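Everything on this sheet refers to the single structure shown next.
The values are calculated or read from the model by the stated rules, or taken from the named source; none is laboratory data. Just so it is clear, the model here is predicted, and its values are computed rather than measured. Methodologically, a virtual Cβ is constructed for each residue, glycine included, from the backbone with ideal geometry; neighbour enumeration extends over all protein chains shown.
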Amino acid sequence: MSDGSYLWDRTGERDPLVDVLVSKLASKRPVGRRRVDMTRWLAPLVSAAAVLLVVIPLGGAEHGATAVAPPDDTRSEPADGSAIVVSSPRGTTTTDVGGALNSVAGEMTDTPAAPADEVPSDTISQH
Amino acid sequence: MASRRQRRRTRALVRRARRGNASAFATLWDDHSSTLRGILMSMVHGQEAEDLMQDVALRAWKAIGALEDADRFSPWLCTIARNVGRNALAAKRRAAETIAISVDEAAEMAATGSTPNGPEGADEIMNCIRELPEAYREPLTLRLLLDLTGPEIAERTGLTPGSVRVNLCRGMKLLRGQLEGEGVMP
């Protein structure tokens, strides 16, 4: 009977059953790096970023401008979608979508943690 | 075992992820996903484990700002995976109380072999592991499925080396008896 060393750190007397199980389960072993489906959990962030893109230009209204853009405003959107450029008589403002995403993500981390049974604290209970 | 350099790298990535950097989080996720998948597979079947991985990622991303000690990132993530797995099992139990498969249906499934089966009894082995007490399931899955050593399991899960060692030995003893009883192993 093995003393358990082989099971612990592959030292000591070999346990054939451990080897057999490891080799049989190799077919089930998670391989490679499968990325998490970012679209599923980033979708709400992208929506929030879109809201920000609308809110940021309107924010200028608080500083004397009108909320409705002047008729000679020209707005262009680059094909790569990386930035929205707003040209107006007051100057040109560029809003970085990636930056907006990060800022929204930053706000998300400030939300209170979920209930204790769902999200753990730093301390791990031992089995 | 993780080197000091790896630990430093993880700490830096955690700090960036806490500030809302999604790509830092994705890198951390890549580094830890096989362990998390192993933990979930100790509770549920492969495809379901894959689905639950998404929940783990979402919860971790939402809560990483509350993680104070970057050195505890790996055990913290493992605990989220455990909680997600437990919640899924509890939901399944609740569903089983309301939806009962008829005896005939179950017999038919068994006769036609519609239960998915991997090569050379891998699924039967995983099923036997999932029937073990919870304390033994996880270390044994990480040892046998991911081929991690005990010290590696302790480091990744945050469990003490002593408890991993004991649970591996006791779990293996139970599994041995179960595999012989089920006739899975010769």
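For this structure, a couple of remarks:
- Residue match in the stretch B:9-24 (condition: touching a Cys at 6+ places or on another chain (Cβ under 9 Å), touching a residue at least 24 places away in the same chain (Cβ under 8 Å) and crowded, with 22+ Cβ neighbours inside 10 Å): no
- Entry remark, the stretch B:45-54: residues being modelled with pLDDT of 95 or more and more than 7 Å from every other protein chain (Cβ to nearest Cβ) number 1 in total.
- Test: B:Gly38 is surrounded by 16 or more Cβ atoms within 10 Å (Cβ to Cβ) and on the phi > 0 side of the Ramachandran plot: no
- When B:Ala57 is tested against (1) buried (at least 22 other Cβ atoms within 10 Å of the Cβ); (2) under 30 Å from B:Ile129 (Cα atoms); (3) touching a Lys or Arg at 6+ places or on another chain (Cβ under 6 Å), only condition (3) is not met.
- Test: residue in the stretch B:111-133 that is modelled with pLDDT under 90 and more than 20 Å from A:Lys28 (Cα to Cα): yes
- Residues within the stretch A:6-56 that are modelled with pLDDT of 90 or more and assigned to a helix (DSSP H, G or I), tallied: 15
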